[in-house]
Amino acid sequence: MNKKHTLGRWTVEDSADLYLIREWGAEYFSISKEGDVVVTPIRGKKHVSVNLPEIIEGIKARGYDMPVLLRFEDILDSQIVQMHESFRSAIARFDYKGQFKGVYPIKVNQQKQVIEAITRIGQFYHHGLEAGSKAELIAALSFLEDKEACLICNGYKDSEFIDLGLYACKMGYKCFFVLEMPGELDLIIERSRELGIKPLLGVRFKLSTQAGGHWTESGGDRSLFGLTISQIIEVIEKLKSVDMLDCLQLLHYHLGSQIPNIRDIRAAIQEACRVYAGLAQEGAPMGYFDLGGGLAVDYDGSHTNYMNSRNYTLDEYCADIIEAVMEILNEVNIPHPHLITESGRATVAYYSVLLFNIFDTNSIDPGTVPDSLAEDAPEILLNMMDVLKSLNIRNLQECYNDALYYRDQIRQMFKVGDLSLRQRALGDKIFWSIMHRVSDYSKSLKFIPKDLTDIDIALCDTYYANFSVFQSLPDSWAIGHVFPVMPIHRLNERPGRNAILADITCDCDGKIDRFIDKQGISRALRLHALKDNEEYYLGVFLVGAYQETLGDLHNLLGDTNVVSIRVSEDGSHSFVREIEGDSVADVLSYVEYDPKSMTKRFRATAEQAIRESMITPQERREIMNMYEAGLRGYPYFER
Ligand SMILES: *Cc1c(COP(=O)(O)O)cnc(C)c1O
């Protein structure tokens, strides 16, 4: 290791290495000379960047508290542009004859401003939308104006859904019904005859290819959706029998989300391409090949086939798709289709950053241990003290084992009443002193035994963070998904503490204790010691996909404040949208409380307390003011 890095002054370069921001930041996120995280939301415009601590100042000046979800609309634009440019260049390079027609799957982030921004920038590229439910179709129709763009309807379709989609076709939308289940076709045929409108049809194929990763149950034979080959043949027969085979123009499949390995992506294309060719050979006009989602985000920056990463770039993804499709279709002489992908995660992940402050910390600091114990101290404590005294670099493991043994004895003796509260406290103190020293000594060993590396985890601090994992990072809690987390300032100072983050819910699952790391996953995060009278802010990055509407009301912590930022060419930024998070009254009313009658009941209780001479009428007024202000307030920790 470079001595300068371990001993010399800590630089922003050291922070960049530690938090891997160059690896996952995708050039959107970086560190300034001053040690702040800066965001450069327009790809290729390096001079247009904004500084996160400055944005926090602006948020506070406008009267909002932490936590805040920050959204960068320009990042959405950049992601759409980049995806189309990557496909365009691959199409040109291989002389592919079809076009790329991406769609955005609304379920990945349904916020109106996301749909608004994607359809606005999307019209320059004919980027469309994917709707998986009636509500999503209704939302899509109000924002998608570009008739060249595709509108893909997946999911269960009742007659209301179908009628709306048919009218959309009549209005000139490229609105495809994708058959997910065998039963859907009859209803579509019936409604189509009734309204006299021909549908655009696709079939969803159930791949036998399986991919590695978290979310891949949705692909493969066991997947809930899609038709088997024999069911697809039945669809063809039925369409032929009603003279509607000309409606079948699209093949769809979805391998799953966050596919880390490009090999799996290629294998799926090969299988699906054969199905596509078969459908064309059966006489369906076809023309559209929809590869679903799956384009992964490199959350840990490792560029591997590990599940929080991906072992390919966007350019490689596009080139591999084009190449694989051409290879098979050229061989059987079938025209190149328009290619659709339904990339959701990769489109929106970078767009949101969760910001919060640390409101307290807790460390296992043994404090000072007395030089010697009283002669009449219990023998077990004297033994523990001997371990501390005899500890040196050559007997680390032995002392570690002894200390654990004595600690267990102390706990046992305390339980049966043989040690007092103060004696137990002294025993704990000596024990933790030993652990600290073992940890310090072990750093200079060439090979550190596993037991001893675990001490560092046991010794690490708890930083109490002002947000709720359940509300804002549901995948972190539910499936152990790892997002990049780091301080957004002080990055030119050495982060001297090892910590895990506890959220504000006080639930033992309400924590982040797995972090991205060069070696895989780290169980602690390096952070700075708090300073008096100065807030310490952290950001969780790449949270734009799937996190915003899965969140729940655990411990009645509601939606956070949201601020959307747009940057201008001159480098200035403006707050284009501010959404105030839920108040305490809001979250209570979600679970059927009525804030008005709650106030009334509490007022009556306070009146009773006056009658019983426990408080004065003036005190009642103050108490009620406080209660009502509490209802109006933000459920998170406020200073
Ligand atoms: C969820 C979903 C997507 C989005 O997948 P990403 O991996 O987020 O791109 C696309 N298509 C279908 C059918 C889906 O269910």
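The values are calculated or read from the model by the stated rules, or taken from the named source; none is laboratory data. This one's a predicted model, so the numbers in the text were calculated from it and none came from an experiment. When we count neighbours, we look across all protein chains shown, and the Cβ atoms used for this are built from the backbone with ideal geometry, even at glycine. Accessible surface areas use protein heavy atoms only, side chains included; no ligands, DNA or RNA. Shrake-Rupley method; radii C 1.70, N 1.55, O 1.52, S 1.80 Å.
Specify which of the listed residues (42, 55, 106) is β-branched (Val, Ile, Thr), touching a Gly at 6+ places or on another chain (Cβ under 8 Å) and either in contact (Cβ under 8 Å) with a residue 12 or more places away in the chain or surrounded by fewer than 16 Cβ atoms within 10 Å (Cβ to Cβ) (or both).
Just a single option satisfies the conditions, and that option is 106.
Go through the stretch 461-487 residue by residue and tally those that are open to solvent by less than 10 Å² (accessible area, probe 1.4 Å), closer than 26 Å to residue 365 by Cα and either of a type in the set (Phe, Trp, Tyr) or in contact with a Leu (Cβ under 6 Å, 6 or more places away or on another chain) (or both).
4
Hey, any hits in the stretch 126-137 for a residue that's away from the ligand (no atom under 16 Å from the Cβ) and out of contact with any Asp or Glu (no Cβ under 8 Å at 6 or more places or on another chain)?
No, every residue in the stretch 126-137 fails to be away from the ligand (no atom under 16 Å from the Cβ) and out of contact with any Asp or Glu (no Cβ under 8 Å at 6 or more places or on another chain).
So that you can scan it fast, the table gives a plain yes or no per residue for (1) buried (at least 22 other Cβ atoms within 10 Å of the Cβ); (2) away from the ligand (no atom under 16 Å from the Cβ); (3) closer than 26 Å to residue 110 by Cβ; (4) more than 34 Å from the chain's Cα centre (by Cα):
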position: 147; (1), (2), (3), (4): no, yes, yes, no
position: 154; (1), (2), (3), (4): yes, no, yes, no
position: 171; (1), (2), (3), (4): no, yes, yes, yes
position: 183; (1), (2), (3), (4): no, yes, no, yes
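Here are the criteria: (1) surrounded by fewer than 20 Cβ atoms within 10 Å (Cβ to Cβ); (2) farther than 21 Å from residue 501 by Cβ. Tell me which single one residue 565 does not satisfy.
The one condition residue 565 does not meet is (1).
Scan 544, 480 and give me the residue that is assigned to a loop (DSSP other than H, G, I, E, B), among the small types (Gly, Ala, Ser) and out of contact with any strand residue (DSSP E or B) (no Cβ under 7 Å at 6 or more places or on another chain).
Testing whether each residue is assigned to a loop (DSSP other than H, G, I, E, B), among the small types (Gly, Ala, Ser) and out of contact with any strand residue (DSSP E or B) (no Cβ under 7 Å at 6 or more places or on another chain) leaves just 480.
Please verify whether the stretch 114-121 includes one or more residues that are part of a loop (DSSP other than H, G, I, E, B) and over 24 Å from residue 239 (Cβ atoms).
Scanning the stretch 114-121, I find no residue that is part of a loop (DSSP other than H, G, I, E, B) and over 24 Å from residue 239 (Cβ atoms), so the answer is no.
Can you find, within the stretch 415-427, the residue that is least open to solvent (accessible area, probe 1.4 Å) among those that are free of Cβ contacts under 8 Å to residues at least 12 places away in the same chain and assigned to a helix (DSSP H, G or I)?
425
Please state which one of 363, 302, 352 is within 20 Å of the chain's Cα centre (by Cα), modelled with pLDDT under 95 and either closer than 27 Å to residue 528 by Cα or among the aliphatic types (A, V, I, L, M) (or both).
302
Yes/no matrix, rows are residues, columns are (1) under 30 Å from residue 309 (Cβ atoms); (2) at pLDDT 95 or above; (3) assigned to a loop (DSSP other than H, G, I, E, B):
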position: 223; (1), (2), (3): yes, no, yes
position: 235; (1), (2), (3): no, yes, no
position: 243; (1), (2), (3): no, yes, yes
position: 246; (1), (2), (3): no, yes, no
position: 250; (1), (2), (3): no, yes, no
position: 255; (1), (2), (3): yes, no, yes
position: 275; (1), (2), (3): yes, yes, no
position: 286; (1), (2), (3): no, yes, yes
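Taking residue 297 as the residue in question, decide whether it is open to solvent by less than 40 Å² (accessible area, probe 1.4 Å) and either out of contact with any Ser or Thr (no Cβ under 7 Å at 6 or more places or on another chain) or away from the ligand (no atom under 16 Å from the Cβ) (or both).
For residue 297, the condition - open to solvent by less than 40 Å² (accessible area, probe 1.4 Å) and either out of contact with any Ser or Thr (no Cβ under 7 Å at 6 or more places or on another chain) or away from the ligand (no atom under 16 Å from the Cβ) (or both) - is met.
Just one of (1) part of a helix (DSSP H, G or I); (2) within 23 Å of residue 286 (Cβ to Cβ) trips up residue 147, so point out which.
(1)
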